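Enquirer: Before I ask anything, here is the structure I am working with.
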Amino acid sequence: MNRLANQDELVFSIKDLQREGTKKLSKTVAEYYNEGSMDLLTLNDNTMAFDRVRLRPRVCVDVSEIDTSTKCFGAKVAMPLGFSPAAMHKLAHPEGELATSRAAAKAGCNMILSTWATTHISDVVKEGEGYGNAYGMQLSMVEDWQTNIDVVRNAEKAGCKALFLTVDCAVLGRRLNEYRNGFSLPKHLQFPNLPEGIDPHCSTVYDPRRAYDRSFTWEKVKRLVASTTMQVYLKGILTAEDAILAADCGAHGIVVSNHGGRQLDGAMSTLDALEEIVAAVKGRIQIHLDGGIRRGSDIFKAIALGADHCWVGRIPIWGLAYDGERGVTLGLNLLQEELTLTMALCGCSKLSDITPGHLARLRANGLFAKL
Ligand SMILES: Cc1cc2nc3c(=O)[nH]c(=O)nc-3n(C[C@H](O)[C@H](O)[C@H](O)COP(=O)(O)O)c2cc1C
(Lines give C-alpha, C1' and ligand atoms only; values in the text may rest on other atoms or scores of the structure.)
Protein backbone atom coordinates (compact mmCIF):
# COMPACT_ATOMS: atom_id res chain seq x y z
CA MET A 1 0.00 0.00 0.00
CA ASN A 2 2.97 2.36 0.41
CA ARG A 3 4.13 1.82 -3.15
CA LEU A 4 3.47 4.67 -5.58
CA ALA A 5 1.43 3.90 -8.71
CA ASN A 6 3.16 2.67 -11.88
CA GLN A 7 3.50 5.36 -14.52
CA ASP A 8 4.22 2.99 -17.39
CA GLU A 9 4.23 -0.73 -18.17
CA LEU A 10 7.89 -0.94 -19.15
CA VAL A 11 9.65 2.10 -17.74
CA PHE A 12 10.35 2.32 -13.99
CA SER A 13 13.64 4.22 -14.10
CA ILE A 14 15.70 6.41 -16.44
CA LYS A 15 17.76 3.31 -17.34
CA ASP A 16 14.53 1.71 -18.57
CA LEU A 17 13.67 4.90 -20.49
CA GLN A 18 17.11 4.86 -22.16
CA ARG A 19 16.70 1.21 -23.16
CA GLU A 20 13.11 1.49 -24.43
CA GLY A 21 13.68 4.88 -26.15
CA THR A 22 16.83 3.65 -27.85
CA LYS A 23 14.98 0.60 -29.22
CA LYS A 24 12.81 2.97 -31.29
CA LEU A 25 15.76 4.69 -33.01
CA SER A 26 17.91 3.64 -35.97
CA LYS A 27 21.47 2.60 -35.08
CA THR A 28 22.86 5.83 -36.60
CA VAL A 29 20.55 8.12 -34.60
CA ALA A 30 20.83 6.09 -31.37
CA GLU A 31 24.63 6.25 -31.50
CA TYR A 32 24.57 9.97 -32.35
CA TYR A 33 22.51 10.65 -29.21
CA ASN A 34 23.95 8.09 -26.82
CA GLU A 35 27.65 8.09 -27.62
CA GLY A 36 30.30 10.79 -27.17
CA SER A 37 33.79 11.53 -28.41
CA MET A 38 36.69 9.09 -28.90
CA ASP A 39 36.77 6.26 -26.32
CA LEU A 40 33.79 7.59 -24.30
CA LEU A 41 35.95 7.91 -21.15
CA THR A 42 34.32 11.17 -20.07
CA LEU A 43 30.82 10.06 -21.08
CA ASN A 44 31.10 7.00 -18.84
CA ASP A 45 32.87 8.83 -16.02
CA ASN A 46 30.05 11.38 -15.79
CA THR A 47 27.68 8.67 -14.58
CA MET A 48 30.28 6.74 -12.58
CA ALA A 49 31.19 9.89 -10.62
CA PHE A 50 27.70 9.90 -9.11
CA ASP A 51 28.10 6.23 -8.14
CA ARG A 52 31.40 7.02 -6.40
CA VAL A 53 29.55 9.25 -3.93
CA ARG A 54 27.29 7.62 -1.31
CA LEU A 55 24.54 9.04 0.85
CA ARG A 56 24.58 9.59 4.63
CA PRO A 57 20.88 9.49 5.52
CA ARG A 58 19.56 11.27 8.60
CA VAL A 59 16.50 9.72 10.25
CA CYS A 60 13.63 10.69 12.54
CA VAL A 61 13.12 14.04 10.82
CA ASP A 62 9.56 15.14 9.98
CA VAL A 63 9.39 14.67 6.20
CA SER A 64 5.60 14.70 5.85
CA GLU A 65 5.97 17.74 3.53
CA ILE A 66 8.75 17.69 0.94
CA ASP A 67 9.33 20.81 -1.18
CA THR A 68 11.63 20.26 -4.18
CA SER A 69 10.78 23.62 -5.78
CA THR A 70 13.22 26.45 -6.40
CA LYS A 71 13.80 29.40 -8.74
CA CYS A 72 15.77 29.49 -11.97
CA PHE A 73 16.03 32.60 -14.24
CA GLY A 74 13.42 34.19 -11.96
CA ALA A 75 10.84 31.47 -12.71
CA LYS A 76 9.50 29.09 -10.07
CA VAL A 77 10.45 25.54 -11.07
CA ALA A 78 9.22 22.26 -9.60
CA MET A 79 12.72 20.98 -8.89
CA PRO A 80 16.32 22.09 -9.50
CA LEU A 81 16.40 20.43 -12.93
CA GLY A 82 15.85 21.60 -16.50
CA PHE A 83 16.60 20.57 -20.09
CA SER A 84 20.09 21.24 -21.46
CA PRO A 85 20.38 22.31 -25.09
CA ALA A 86 20.64 19.27 -27.34
CA ALA A 87 20.63 19.38 -31.12
CA MET A 88 18.01 17.89 -33.43
CA HIS A 89 15.15 16.61 -31.24
CA LYS A 90 13.17 15.87 -34.42
CA LEU A 91 15.44 12.90 -35.09
CA ALA A 92 13.89 11.31 -32.00
CA HIS A 93 10.25 12.18 -32.73
CA PRO A 94 8.48 14.16 -35.50
CA GLU A 95 7.17 16.73 -32.99
CA GLY A 96 10.71 17.28 -31.72
CA GLU A 97 11.36 20.36 -29.59
CA LEU A 98 7.65 21.33 -29.51
CA ALA A 99 6.81 18.14 -27.60
CA THR A 100 9.84 18.62 -25.32
CA SER A 101 8.72 22.19 -24.62
CA ARG A 102 5.14 21.18 -23.72
CA ALA A 103 6.35 18.50 -21.32
CA ALA A 104 8.79 20.97 -19.70
CA ALA A 105 6.14 23.69 -19.35
CA LYS A 106 3.51 21.40 -17.86
CA ALA A 107 6.01 20.00 -15.33
CA GLY A 108 7.30 23.46 -14.31
CA CYS A 109 10.76 22.92 -15.75
CA ASN A 110 13.00 25.35 -17.68
CA MET A 111 14.33 24.48 -21.14
CA ILE A 112 17.33 25.67 -23.15
CA LEU A 113 17.12 25.39 -26.93
CA SER A 114 20.19 24.44 -28.97
CA THR A 115 21.43 26.65 -31.84
CA TRP A 116 21.27 23.37 -33.77
CA ALA A 117 17.63 22.68 -32.87
CA THR A 118 15.21 21.57 -35.56
CA THR A 119 12.49 24.05 -34.39
CA HIS A 120 12.57 27.86 -34.18
CA ILE A 121 12.96 29.38 -30.70
CA SER A 122 9.76 31.47 -30.97
CA ASP A 123 7.66 28.33 -31.67
CA VAL A 124 9.30 26.49 -28.76
CA VAL A 125 8.61 29.35 -26.30
CA LYS A 126 4.98 29.64 -27.54
CA GLU A 127 4.28 26.02 -26.44
CA GLY A 128 4.98 27.10 -22.85
CA GLU A 129 2.79 30.20 -22.83
CA GLY A 130 0.73 30.51 -19.64
CA TYR A 131 2.70 27.91 -17.68
CA GLY A 132 5.28 30.17 -15.99
CA ASN A 133 8.43 28.22 -16.78
CA ALA A 134 11.33 30.03 -18.46
CA TYR A 135 13.34 29.40 -21.63
CA GLY A 136 16.91 30.01 -22.63
CA MET A 137 18.87 29.90 -25.87
CA GLN A 138 22.22 28.21 -26.38
CA LEU A 139 24.79 29.90 -28.58
CA SER A 140 27.61 28.12 -30.36
CA MET A 141 30.02 30.94 -31.23
CA VAL A 142 30.74 31.07 -34.94
CA GLU A 143 33.32 33.17 -36.81
CA ASP A 144 30.76 35.63 -38.20
CA TRP A 145 29.92 37.94 -35.28
CA GLN A 146 26.65 39.14 -36.86
CA THR A 147 25.34 35.54 -36.93
CA ASN A 148 26.00 35.28 -33.18
CA ILE A 149 24.18 38.55 -32.57
CA ASP A 150 21.24 37.44 -34.75
CA VAL A 151 20.80 34.31 -32.59
CA VAL A 152 20.91 36.50 -29.46
CA ARG A 153 18.34 39.01 -30.81
CA ASN A 154 15.95 36.23 -31.92
CA ALA A 155 16.15 34.71 -28.44
CA GLU A 156 15.45 38.08 -26.78
CA LYS A 157 12.52 38.66 -29.15
CA ALA A 158 11.09 35.21 -28.34
CA GLY A 159 11.16 36.04 -24.62
CA CYS A 160 14.15 33.96 -23.51
CA LYS A 161 15.47 34.81 -20.07
CA ALA A 162 18.95 33.30 -20.41
CA LEU A 163 21.70 32.77 -22.93
CA PHE A 164 23.84 29.64 -22.53
CA LEU A 165 27.11 30.47 -24.22
CA THR A 166 28.89 27.22 -25.02
CA VAL A 167 32.59 27.68 -24.27
CA ASP A 168 33.88 24.10 -24.62
CA CYS A 169 33.47 23.89 -28.38
CA ALA A 170 36.24 25.91 -30.09
CA VAL A 171 36.52 22.81 -32.30
CA LEU A 172 34.12 19.91 -32.57
CA GLY A 173 34.97 16.79 -30.54
CA ARG A 174 35.91 13.68 -32.48
CA ARG A 175 32.70 11.65 -32.36
CA LEU A 176 33.68 8.39 -33.96
CA ASN A 177 30.12 7.12 -34.42
CA GLU A 178 29.40 10.05 -36.79
CA TYR A 179 32.34 9.01 -39.01
CA ARG A 180 31.47 5.31 -38.92
CA ASN A 181 27.77 5.88 -39.66
CA GLY A 182 28.14 8.82 -42.06
CA PHE A 183 25.80 10.81 -39.81
CA SER A 184 24.19 13.99 -41.22
CA LEU A 185 20.95 15.97 -40.86
CA PRO A 186 18.25 14.24 -42.93
CA LYS A 187 17.05 16.22 -45.98
CA HIS A 188 13.57 16.94 -44.56
CA LEU A 189 14.96 18.74 -41.47
CA GLN A 190 16.42 22.25 -41.09
CA PHE A 191 18.25 24.43 -38.53
CA PRO A 192 15.73 27.31 -38.38
CA ASN A 193 17.67 29.26 -35.74
CA LEU A 194 20.58 29.85 -38.10
CA PRO A 195 20.39 32.67 -40.69
CA GLU A 196 18.68 31.83 -43.95
CA GLY A 197 20.90 30.70 -46.78
CA ILE A 198 23.15 28.37 -44.76
CA ASP A 199 23.03 24.85 -46.15
CA PRO A 200 22.29 22.69 -43.08
CA HIS A 201 23.01 19.47 -44.94
CA CYS A 202 26.60 20.15 -45.90
CA SER A 203 28.76 20.45 -42.78
CA THR A 204 32.15 20.06 -44.50
CA VAL A 205 31.99 23.20 -46.74
CA TYR A 206 33.50 26.28 -45.03
CA ASP A 207 30.99 29.02 -44.12
CA PRO A 208 31.93 31.61 -41.44
CA ARG A 209 28.28 31.70 -40.34
CA ARG A 210 28.50 28.10 -39.13
CA ALA A 211 32.27 27.59 -38.56
CA TYR A 212 33.11 27.48 -34.83
CA ASP A 213 35.14 30.50 -33.72
CA ARG A 214 38.56 29.18 -32.68
CA SER A 215 39.71 32.66 -31.70
CA PHE A 216 36.98 33.04 -29.08
CA THR A 217 38.51 34.56 -25.90
CA TRP A 218 37.47 36.14 -22.60
CA GLU A 219 37.44 39.55 -24.35
CA LYS A 220 34.70 38.29 -26.67
CA VAL A 221 32.81 36.84 -23.69
CA LYS A 222 32.75 40.33 -22.15
CA ARG A 223 31.56 41.81 -25.45
CA LEU A 224 28.76 39.27 -25.67
CA VAL A 225 27.69 39.73 -22.04
CA ALA A 226 27.47 43.49 -22.72
CA SER A 227 25.40 42.96 -25.87
CA THR A 228 22.34 41.29 -24.33
CA THR A 229 19.69 41.87 -21.70
CA MET A 230 19.48 38.11 -20.99
CA GLN A 231 21.32 36.45 -18.10
CA VAL A 232 24.47 34.90 -19.58
CA TYR A 233 25.70 31.48 -18.40
CA LEU A 234 29.01 30.06 -19.65
CA LYS A 235 28.39 26.40 -20.42
CA GLY A 236 31.38 24.07 -20.39
CA ILE A 237 33.47 25.23 -17.40
CA LEU A 238 35.46 22.49 -15.62
CA THR A 239 38.08 24.34 -13.58
CA ALA A 240 38.21 26.78 -10.68
CA GLU A 241 40.46 29.09 -12.74
CA ASP A 242 37.91 29.47 -15.54
CA ALA A 243 35.00 29.78 -13.11
CA ILE A 244 36.72 32.82 -11.55
CA LEU A 245 37.35 34.34 -15.00
CA ALA A 246 33.68 33.77 -15.89
CA ALA A 247 32.62 35.70 -12.78
CA ASP A 248 35.12 38.46 -13.61
CA CYS A 249 33.59 38.75 -17.12
CA GLY A 250 30.16 39.56 -15.70
CA ALA A 251 28.52 36.20 -16.43
CA HIS A 252 25.42 35.55 -14.33
CA GLY A 253 26.49 31.96 -13.86
CA ILE A 254 28.27 28.94 -15.25
CA VAL A 255 27.27 25.44 -16.20
CA VAL A 256 29.84 22.91 -15.01
CA SER A 257 29.70 20.73 -18.10
CA ASN A 258 31.81 18.64 -20.45
CA HIS A 259 29.13 18.61 -23.16
CA GLY A 260 27.92 15.19 -21.99
CA GLY A 261 31.27 13.62 -22.95
CA ARG A 262 30.99 14.78 -26.57
CA GLN A 263 33.95 17.19 -26.64
CA LEU A 264 37.31 16.54 -24.91
CA ASP A 265 37.47 12.84 -24.13
CA GLY A 266 39.44 12.29 -20.92
CA ALA A 267 38.18 15.55 -19.40
CA MET A 268 37.13 15.10 -15.78
CA SER A 269 33.56 14.28 -14.83
CA THR A 270 31.33 17.21 -13.94
CA LEU A 271 30.58 16.03 -10.40
CA ASP A 272 34.31 15.73 -9.69
CA ALA A 273 34.93 19.20 -11.15
CA LEU A 274 32.13 20.76 -9.10
CA GLU A 275 33.91 20.74 -5.73
CA GLU A 276 36.91 22.91 -6.66
CA ILE A 277 34.62 25.30 -8.55
CA VAL A 278 32.22 25.79 -5.64
CA ALA A 279 35.17 26.47 -3.34
CA ALA A 280 36.65 29.05 -5.73
CA VAL A 281 33.46 30.88 -6.72
CA LYS A 282 32.42 31.54 -3.09
CA GLY A 283 28.83 32.37 -4.05
CA ARG A 284 29.72 35.18 -6.53
CA ILE A 285 27.69 33.63 -9.40
CA GLN A 286 25.22 30.79 -9.97
CA ILE A 287 26.74 27.34 -10.39
CA HIS A 288 24.76 24.88 -12.50
CA LEU A 289 25.81 21.37 -13.57
CA ASP A 290 25.00 18.87 -16.30
CA GLY A 291 26.38 15.50 -17.38
CA GLY A 292 25.58 12.02 -16.17
CA ILE A 293 22.43 12.71 -14.15
CA ARG A 294 20.27 9.58 -14.41
CA ARG A 295 18.42 9.51 -11.06
CA GLY A 296 16.79 11.85 -8.58
CA SER A 297 19.54 10.92 -6.11
CA ASP A 298 22.10 12.28 -8.59
CA ILE A 299 20.38 15.69 -8.43
CA PHE A 300 20.52 15.41 -4.62
CA LYS A 301 24.28 14.70 -4.73
CA ALA A 302 25.00 17.66 -7.03
CA ILE A 303 22.99 20.00 -4.77
CA ALA A 304 24.79 18.61 -1.70
CA LEU A 305 28.14 19.45 -3.32
CA GLY A 306 27.06 23.04 -3.96
CA ALA A 307 25.30 23.16 -7.35
CA ASP A 308 22.40 25.63 -7.52
CA HIS A 309 20.65 23.84 -10.39
CA CYS A 310 21.06 20.80 -12.68
CA TRP A 311 20.32 20.09 -16.34
CA VAL A 312 19.89 16.93 -18.43
CA GLY A 313 20.47 16.54 -22.17
CA ARG A 314 19.77 12.91 -23.11
CA ILE A 315 16.85 12.13 -20.78
CA PRO A 316 14.28 14.24 -22.72
CA ILE A 317 15.59 12.72 -25.95
CA TRP A 318 15.05 9.16 -24.68
CA GLY A 319 11.59 10.20 -23.51
CA LEU A 320 10.74 11.72 -26.90
CA ALA A 321 11.96 8.62 -28.72
CA TYR A 322 9.96 6.36 -26.40
CA ASP A 323 6.62 8.18 -26.58
CA GLY A 324 6.81 11.83 -27.64
CA GLU A 325 5.57 14.35 -25.07
CA ARG A 326 4.28 11.58 -22.76
CA GLY A 327 7.73 9.98 -22.71
CA VAL A 328 9.41 13.27 -21.76
CA THR A 329 6.84 13.78 -18.99
CA LEU A 330 7.49 10.23 -17.80
CA GLY A 331 11.23 10.97 -17.47
CA LEU A 332 10.52 14.15 -15.48
CA ASN A 333 8.01 12.41 -13.21
CA LEU A 334 10.49 9.64 -12.43
CA LEU A 335 13.21 12.15 -11.53
CA GLN A 336 10.79 14.18 -9.40
CA GLU A 337 9.62 11.07 -7.52
CA GLU A 338 13.18 9.85 -6.98
CA LEU A 339 14.39 13.25 -5.75
CA THR A 340 11.45 13.50 -3.35
CA LEU A 341 12.15 9.98 -2.05
CA THR A 342 15.89 10.66 -1.61
CA MET A 343 15.14 13.85 0.31
CA ALA A 344 12.63 12.04 2.53
CA LEU A 345 15.02 9.18 3.32
CA CYS A 346 17.90 11.60 3.96
CA GLY A 347 15.78 13.69 6.34
CA CYS A 348 15.54 16.80 4.14
CA SER A 349 12.17 18.50 3.69
CA LYS A 350 13.48 21.34 1.51
CA LEU A 351 16.46 21.87 -0.80
CA SER A 352 18.29 24.13 1.67
CA ASP A 353 18.36 21.19 4.15
CA ILE A 354 20.67 19.28 1.77
CA THR A 355 24.33 19.62 2.85
CA PRO A 356 27.73 18.00 2.17
CA GLY A 357 27.11 16.18 5.47
CA HIS A 358 24.63 13.98 3.57
CA LEU A 359 27.44 12.54 1.42
CA ALA A 360 30.30 10.06 1.85
CA ARG A 361 33.30 9.47 -0.41
CA LEU A 362 35.68 6.53 -0.79
CA ARG A 363 38.84 7.08 1.27
CA ALA A 364 42.38 5.73 0.73
CA ASN A 365 41.68 3.06 3.39
CA GLY A 366 38.92 1.61 1.21
CA LEU A 367 36.03 2.86 3.35
CA PHE A 368 33.33 5.34 2.46
CA ALA A 369 33.41 8.20 4.96
CA LYS A 370 31.95 11.62 5.60
CA LEU A 371 33.31 14.37 3.30
C1 LIG B 1 22.47 14.69 -28.93
C2 LIG B 1 23.09 15.81 -28.16
C3 LIG B 1 23.23 17.04 -28.76
C4 LIG B 1 23.79 18.10 -28.06
N5 LIG B 1 23.85 19.33 -28.63
C6 LIG B 1 24.38 20.38 -27.93
C7 LIG B 1 24.41 21.68 -28.51
O8 LIG B 1 23.93 21.90 -29.62
N9 LIG B 1 24.98 22.67 -27.77
C10 LIG B 1 25.49 22.46 -26.52
O11 LIG B 1 26.01 23.39 -25.89
N12 LIG B 1 25.45 21.23 -25.96
C13 LIG B 1 24.90 20.21 -26.62
N14 LIG B 1 24.84 18.97 -26.04
C15 LIG B 1 25.31 18.78 -24.65
C16 LIG B 1 24.18 19.01 -23.65
O17 LIG B 1 23.79 20.36 -23.60
C18 LIG B 1 24.58 18.60 -22.24
O19 LIG B 1 25.77 19.26 -21.87
C20 LIG B 1 24.78 17.10 -22.06
O21 LIG B 1 23.84 16.37 -22.81
C22 LIG B 1 24.63 16.72 -20.58
O23 LIG B 1 24.86 15.37 -20.39
P24 LIG B 1 23.70 14.28 -20.23
O25 LIG B 1 23.23 13.97 -21.61
O26 LIG B 1 24.41 13.15 -19.59
O27 LIG B 1 22.61 14.88 -19.39
C28 LIG B 1 24.26 17.90 -26.72
C29 LIG B 1 24.10 16.64 -26.14
C30 LIG B 1 23.51 15.61 -26.82
C31 LIG B 1 23.36 14.30 -26.14
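The values are calculated or read from the model by the stated rules, or taken from the named source; none is laboratory data. Nothing here was measured: the structure is a model prediction, and the numbers come from that model. Cβ atoms come from the backbone with ideal geometry, glycine included; neighbour counts cover every protein chain shown. Just so you know, the surface numbers come from the protein's heavy atoms only, side chains and all, with ligands and any DNA or RNA stripped out. Shrake-Rupley method; radii C 1.70, N 1.55, O 1.52, S 1.80 Å.
Enquirer: If you check GLN146 against the conditions, is it in a helix (DSSP H, G or I) and either of a type in the set (S, T, N, Q) or modelled with pLDDT under 95 (or both)?
Expert: Here the answer is yes, as GLN146 does meet what is asked.
Enquirer: Also: Inspect all residues belonging to the stretch 55-64 and state whether any of them is in contact with a Phe, Trp or Tyr (Cβ under 9 Å, 6 or more places away or on another chain), free of Cβ contacts under 8 Å to residues at least 40 places away in the same chain and surrounded by fewer than 21 Cβ atoms within 10 Å (Cβ to Cβ).
Expert: Checked the stretch 55-64: no residue is in contact with a Phe, Trp or Tyr (Cβ under 9 Å, 6 or more places away or on another chain), free of Cβ contacts under 8 Å to residues at least 40 places away in the same chain and surrounded by fewer than 21 Cβ atoms within 10 Å (Cβ to Cβ).
Enquirer: Somewhere in the stretch 268-287, is a residue among the polar types (S, T, N, Q), open to solvent by 10 Å² or more (accessible area, probe 1.4 Å), away from the ligand (no atom under 14 Å from the Cβ) and outside any helix (DSSP H, G or I)?
Expert: For the stretch 268-287, residues among the polar types (S, T, N, Q), open to solvent by 10 Å² or more (accessible area, probe 1.4 Å), away from the ligand (no atom under 14 Å from the Cβ) and outside any helix (DSSP H, G or I): present.
Enquirer: Within the set of pairs 6+ apart or on separate chains, which have a first residue in the stretch 1-17 that is acidic (Asp, Glu), a second that is surrounded by 10 or more Cβ atoms within 10 Å (Cβ to Cβ) and part of a helix (DSSP H, G or I), and C-beta atoms under 6 Å apart?
Expert: ASP8/LEU330
Enquirer: Here's something else I'd like to know. With the requirement that a residue be part of a loop (DSSP other than H, G, I, E, B) and open to solvent by less than 20 Å² (accessible area, probe 1.4 Å), what does the stretch 163-174 give you?
Expert: Selection gives CYS169, GLY173.
Enquirer: May I pose another question? For the condition open to solvent by less than 10 Å² (accessible area, probe 1.4 Å), at pLDDT 95 or above, of a type outside the set (Phe, Trp, Tyr) and more than 27 Å from LEU43 (Cα to Cα), what is the one hit in ALA134, ALA117?
Expert: Answer to the selection: ALA134.
Enquirer: Here is a further query. Would you check which residues across the stretch 107-125 are among the polar types (S, T, N, Q), within 21 Å of ASP150 (Cβ to Cβ) and within 16 Å of the ligand (Cβ to nearest atom) and list them?
Expert: Within the stretch 107-125, SER114, THR115, THR118, THR119 qualify.
Enquirer: Among the residues of the stretch 242-261, write down those that are assigned to a loop (DSSP other than H, G, I, E, B) and either of a type in the set (Phe, Trp, Tyr) or surrounded by 24 or more Cβ atoms within 10 Å (Cβ to Cβ) (or both).
Expert: ALA251, SER257, ASN258
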